[in-house]
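Worksheet: the structure to be examined is printed underneath.
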Amino acid sequence: LPSGSIVIGEYVQDWENLKSGDTYIVISKNEGIVYKRVTNLLKQRGVLLMVSDNPAYEPYAIGALEIVEIWKAKAFIINDTYIGDSLWERLFAEIASLRAELKRLKGSNDKDDKLLN
């Protein structure tokens, strides 16, 4: 999300059942407040893997004892001055490219399935 965006969240009581791949607002002792896509490894390793959608930021793990609160991201308010930003344009272009590739691959698989039948 662009700087200045507002994230609306819902408080999460049960951290062990966070859905991996979803986005959360995590408040921790060392990192402060961050908005990240989470991989839940609490049961296996006692950590959350924090992944940014922005490839400029490296993923990192945060221990359960460092976490103060977790909020599930539910909605966003994005300042419209960022819509024309090149980052957004690249993101939307990448999504369109991935959709086209997925459609192409699905079409190939459908043809392959017909050939096998």
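The values are calculated or read from the model by the stated rules, or taken from the named source; none is laboratory data. Everything numeric in this text was worked out from a predicted model, so none of it was measured. The protein model used for the area step is the full one, side chains on, heavy atoms only, and it has no ligands, DNA or RNA in it. Shrake-Rupley method; radii C 1.70, N 1.55, O 1.52, S 1.80 Å.
Of note, Leu87 does not satisfy the criterion of being modelled with pLDDT of 60 or more, of a type in the set (A, V, I, L, M, F, W, C) and more than 21 Å from the chain's Cα centre (by Cα).
Collect the residues in segment 6-62 that are open to solvent by less than 40 Å² (accessible area, probe 1.4 Å) and of a type in the set (A, V, I, L, M), keeping them in residue-number order. Val12, Leu18, Ile25, Val26, Val34, Val38, Leu41, Leu42, Val47, Leu48, Met50, Ile62, listed by residue number. I'd like the full set of residues that are under 18 Å from Ser3 (Cα atoms), at pLDDT 85 or above and not hydrophobic (A, V, I, L, M, F, W, C), limited to segment 59-83. If the condition is that a residue be under 18 Å from Ser3 (Cα atoms), at pLDDT 85 or above and not hydrophobic (A, V, I, L, M, F, W, C), then Lys74 is the only one that fits. Reported count of residues in segment 18-46, each being of a type in the set (Phe, Trp, Tyr) and at pLDDT 95 or above, is 1.
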